[in-house]
Amino acid sequence: MSDLEVFKSEFRVYYEDTDVGGRVYHANYLKFCERTRTDFVREVLGYKQSEHLQEDKKGFVVSSLKARFLAGAKLEDELIVTCIPVSLRKASLEMYQEVIDKHSQKVLFAMQSTIAYVNFATDRPEVIPEEFAKALQAKMPSQDFKTVKLP
């Protein structure tokens, strides 16, 4: 993975992100990943989802995910969230993401999600737009990375 350019976002854990025990509530790892994935699509691929939602009534939705909670982040921890596209099909793509403690570099959470392109008027999958697919392919890692196994 040395030649792989990984997209990253940084977050600080706030009180609102934690449960009664002071650990990040499990659903918030998904929120951190969603925000990072959205930024990747906008900043790296140049795809403005809001325009397509308004004009075409089409967009991306998570259709499945696999996740592993490996360790808990705590209040005021600094986190790095990564986003790596690992496969592209006609109407969907897969992303691999990790939430990492910024200081220890320990992976706290890992997930692989399948994202489908959907026509919201019909609630049916559709072929991903060509310009999006081309931009995504240019950012995908080598073939050997596509067999991701969650830690």
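Okay, here's what the table says:
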read-out	value
Residues of the stretch 61-104 satisfying the condition of being in a loop (DSSP other than H, G, I, E, B), among the small types (Gly, Ala, Ser) and over 14 Å from VAL24 (Cβ atoms)	ALA91, SER104
Pairs with Cβ under 9 Å, 6+ apart, first in the stretch 29-47 and polar (S, T, N, Q), second modelled with pLDDT under 95	THR38/GLN49
Residue list for the stretch 78-128, restricted to those being at pLDDT below 95 and basic (Lys, Arg)	none
Odd one out for PHE11, checked against (1) in contact with a strand residue (DSSP E or B) (Cβ under 8 Å, 6 or more places away or on another chain); (2) at positive phi	(2)
The listed residue being over 19 Å from PHE120 (Cα atoms) and under 15 Å from the mean Cα position of the chain (by Cα), out of SER87, SER64	SER87
Output for the stretch 12-51, where each listed residue is over 16 Å from THR114 (Cα atoms), under 19 Å from the mean Cα position of the chain (by Cα) and part of a helix (DSSP H, G or I)	ASP17, HIS26, ALA27, ASN28, TYR29, PHE32, ASP39, ARG42, GLU43, VAL44, GLN49, SER50
So TYR25, is it of a type outside the set (Lys, Arg), in contact with a Ser or Thr (Cβ under 8 Å, 6 or more places away or on another chain), surrounded by fewer than 20 Cβ atoms within 10 Å (Cβ to Cβ) and within 17 Å of GLU78 (Cα to Cα)	yes
Condition check for PHE132: part of a strand (DSSP E or B) and within 21 Å of VAL6 (Cα to Cα)	no
Flag if VAL118 is in contact with a Leu (Cβ under 9 Å, 6 or more places away or on another chain) and either of a type in the set (Val, Ile, Thr) or assigned to a loop (DSSP other than H, G, I, E, B) (or both)	no
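The values are calculated or read from the model by the stated rules, or taken from the named source; none is laboratory data. Given the structure is predicted, the values throughout are model-derived calculations rather than measurements. FYI the Cβ positions are ideal-geometry reconstructions off the backbone, even for glycines, and counts take in every protein chain you see.
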